[in-house]
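Just so it is clear, none of the values below were taken in a lab; they were calculated from the coordinates. Treat the numbers as computed from the prediction; the structure is a model and nothing was measured. Heads up, the Cβs are rebuilt from the backbone with ideal geometry, glycines too, and the neighbour counts pull from every protein chain shown.
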Amino acid sequence: MASTETTTGTGEPGTAEAGGLGSVEAGLDALETTATGRPPLRETLLNKVLPPVVAVVLILVVWQALITLRIVDDPTRLPSPHAVWEEFRQAWLKGTLLGYIWTSVSRGLLGFFFALLIGTPLGLLVARVKFVRAALHPILSGLQSLPSVAWVPPAVIWLGLNNSMMYAVILLGAVPSIANGLVSGVDQVPPLFLRAGRTMGATGLKGTWHVTLPAAMPGYVAGLKQGWAFSWRSLMAAEIIASFPDLGVGLGQLLENGRNASDMAMVFEGILLILFVGIAIDLLIFSPLERWVLRSRGLLVRN
């Protein structure tokens, strides 16, 4: 009877299969190494730094061209980049620039922290308890679509012109997004993970902490990111509408001061600072967190 073993030139059986498997394993190892390696500095500069720099330069060129060519020649409608830069310079020399930023950022981060403490357990409760989901999930979805500015008048009436009103508006804007993001993440957890966790004794709070939350992390991080966006928008709306000297001058108040004074350079200063803080928070907090979640799941692959 003919032999079914695979032989090589040396007459040793199974060497071809072993060599083939070894090649596959080596290829997978190389792929993993390539995916997780840190990109060179030159590649980072070309792919990550250069595109936004070029975009900013183009915006400034178009902006200045509108002024130079007199397409928009009314400074009360569109100030020149130089006028806005002078506004920034004067605020820096007076020592007020960082104060504007810190007043709003400190409120926004503290309010978001409170929203995180409330929205996370609320999201888990809605995701895991059927009666609570049926009762609260439609309400949370409706609140998420409600403009944050709508909460400012009742918050002022209930709490007055103080920081508590600001935090209340932030909570009402951010909690629904955080809770709904966690609910979506939990809904996407494979049932096999939950059964495996129960088999190994991970039930109740233990199962939630060690199985449900880690598996739902992508949806949860997306909810956090959206929750911060709603927090920041809610705070700006509150600062613009409910301005009061005792509250200090934040970025929203700066924007409103520019409007009251018909000073478009100050208005643009406020807009650019609001944009800058939003981009900085995303780059420093949420983008690294998102990359960590993707990398931990093998989803962050360099091309």
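A few points about this structure:
- Residue within region 140-151 that is surrounded by 14 or more Cβ atoms within 10 Å (Cβ to Cβ) and more than 27 Å from the chain's Cα centre (by Cα) present: no
- The test for being in a helix (DSSP H, G or I), within 28 Å of V169 (Cβ to Cβ) and either among the small types (G, A, S) or touching a helix residue (DSSP H, G or I) at 6+ places or on another chain (Cβ under 8 Å) (or both) does not hold for L60.
- Hits in region 92-146 (condition: outside any helix (DSSP H, G or I) and polar (S, T, N, Q)): T96
- The condition (being among the hydrophobic types (A, V, I, L, M, F, W, C) and touching a His at 6+ places or on another chain (Cβ under 8 Å)) is satisfied by just one residue among V72, V105, V126, V84: V126.
- Among residues of region 80-94, those that are among the aliphatic types (A, V, I, L, M), under 20 Å from L66 (Cβ atoms) and more than 31 Å from the chain's Cα centre (by Cα), counted: 1
- Filter result (without any contact (Cβ under 8 Å) to a residue 60 or more places away in the chain and surrounded by 21 or more Cβ atoms within 10 Å (Cβ to Cβ)) within region 221-230: none
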